[in-house]
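Input: a single structure, listed below in structure tokens.
Where a number appears in this text, it was derived from the coordinates with a stated rule and is not lab data. Here the structure is a predicted model, which means the values were calculated and not measured. Glycine also receives a Cβ, built like all others from the backbone with ideal geometry; neighbour counts cover every protein chain displayed.
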Amino acid sequence: MGKKEEKKGKKKEKKEKQPAASYPHSCTDCGVVNCGKRNSKYPDFCLTAKLSEEEIAKVVKLYTDEKENRKIAIASAEVEGEFYGKYTRVEEIMAVARRIGAKKIGIATCAGLIEESRIFARILKLNGFDVYGAACKVGSVDKVTIGIEEKYTCRTGPVMCNPILQAKLLNKAKTDFNVVVGLCVGHDSLFYKYSKALCTTLITKDRVLAHNPAGALYQSRAYYKRLLEKEIWEE
Ligand code: SF4
């Protein structure tokens, strides 16, 4: 192969973009995670090393002295410890719910994932829970009513997602533990904000990756390398 062809055949390799250095460093800059492993040294900027005994003790008290915090922290650690690598998240949710005494489970579902929520509700009922679900389009309010521009309704339809109403309906139904099934980014935030019951998430929506957002990170040096090459705003 001549030099010319060789050059032609060579793919233009895009370089990973380096983010501007951000200070102070934090756990996402840490290569040792000694707080969990306790097998090396804490880095200079370590958040654990910079905490005083009093600061840590104050937070520990929130687990030991606050009844609800204690119950949930212990239940989730027990479920993690007992069923590590054995239980799916569906099972873990039920195991935690049972341990914290939650009987009535609220489901805040995306309307697009209603089938998944139907199955989940069935499983919950089979395991002795009461279920009350509210879909994101509940109330059937037009997007334009709250100032969403009409151009944003073309692909997704005129009816707005209504996470605040979802939360209020589950609050009214006095659910003990609410489970989010595929609410959009931001809509989920509003649901968490208005839900009176504790929340957990069964499905984190990712329309591109079959609801597996971690896939983008696992493939960020392969199929999704664009994520490390340029800012999305550059497109
Ligand atoms: S607390 Fe310290 S050791 Fe743990 S991840 Fe953060 S910087 Fe690393």
* To do: Mind giving me the nanometre distance, one decimal, between the label points for Glu80 and Lys41, set 7 Å out from Cα along Cα→Cβ?
  => 2.8
* To do: Can you bin the stretch 52-204 into rounded, prolate or oblate? Criterion: square roots of the alpha carbon gyration tensor eigenvalues sorted a ≥ b ≥ c, rounded for a/c under 1.5, prolate for a/b above b/c, oblate for the rest.
  => prolate
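Expressed in nm to one decimal, what extension gain is obtained for the pair Asp142 and Glu91 from 0.36 nm per residue of sequence separation less their Cα-Cα distance? Walk me through the intermediate numbers first.
On the way: separation 51, 0.36 × 51 = 18.36 nm, distance 3.65 nm.
Full extension of this stretch gives 14.7 nm more.
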* Under the Karplus curve 6.51 cos²θ - 1.76 cosθ + 1.60, θ = phi - 60°, whole-Hz ³J(HN,Hα) for the stretch 20-37, x wherever Gly or Pro sits -> 4, 4, 10, 10, x, 5, 9, 4, 6, 9, 8, x, 10, 6, 5, 4, x, 8
* To do: Name the residues whose placed amide hydrogens come within less than 5 Å of the amide hydrogen of Val131, ignoring near sequence neighbours (fewer than 5 apart) on the same chain.
  => Ile105
* Structure fact -> Scanning the chain, every Cys lacking a C-beta partner under 4.7 angstrom -> Cys27, Cys30, Cys35, Cys46, Cys110, Cys154, Cys184, Cys199
* Asked: Once amide H atoms are placed 1.01 Å from N in the peptide plane, what residues at a sequence separation of 5 or more from Lys196, or on another chain, have their amide H within under 5 Å of its amide H?
  -> Asn171
* Asked: Given charges of +1 on the Cβ of Lys and Arg and -1 on the Cβ of Asp and Glu, with all other atoms neutral, how large is the dipole of the chain about its Cα centre, in debye to the nearest 20?
  -> 700
* Quick one: putting +1 on the C-beta of Lys and Arg, -1 on the C-beta of Asp and Glu, what dipole do you get for the stretch 81-132 around its Cα centre, in Debye to the nearest 20? -> 180
* To do: Step through the residues of the stretch 102-118 one at a time and calculate ³J(HN,Hα) from phi using the Karplus curve (6.51 cos²θ - 1.76 cosθ + 1.60, θ = phi - 60°), rounding each to whole Hz and writing x for Gly and Pro.
  => 7, 9, 9, 9, x, 10, 9, 10, 6, 4, x, 10, 5, 5, 4, 5, 4
* In deg cm²/dmol and to the nearest 500, what is the mean residue ellipticity at 222 nm of the chain if only DSSP H runs of at least 4 residues count, each as -39500 (n - 2.57), divided by the residue total? -> -11500 deg cm²/dmol
* Asked: With a 10 Å Cβ neighbour count serving as the proxy for reagent exposure, in which order, fewest first, do Lys230, Lys143, Lys61, Lys67 appear?
  -> Lys67, Lys61, Lys230, Lys143
* Structure fact -> Under a Gaussian network model of the chain whose springs join Cα atoms within less than 10 Å, the largest fluctuation of Leu47, Leu202, Leu165 belongs to Leu47
* Could you check the simple spin-label distance between Ile232 and Asn171, using points 7 Å along Cα→Cβ, in nm with one decimal? => 3.0
* Asked: In nm, to one decimal, how far is the Thr153 label point from the Glu54 one, both placed 7 Å along Cα→Cβ?
  -> 5.7
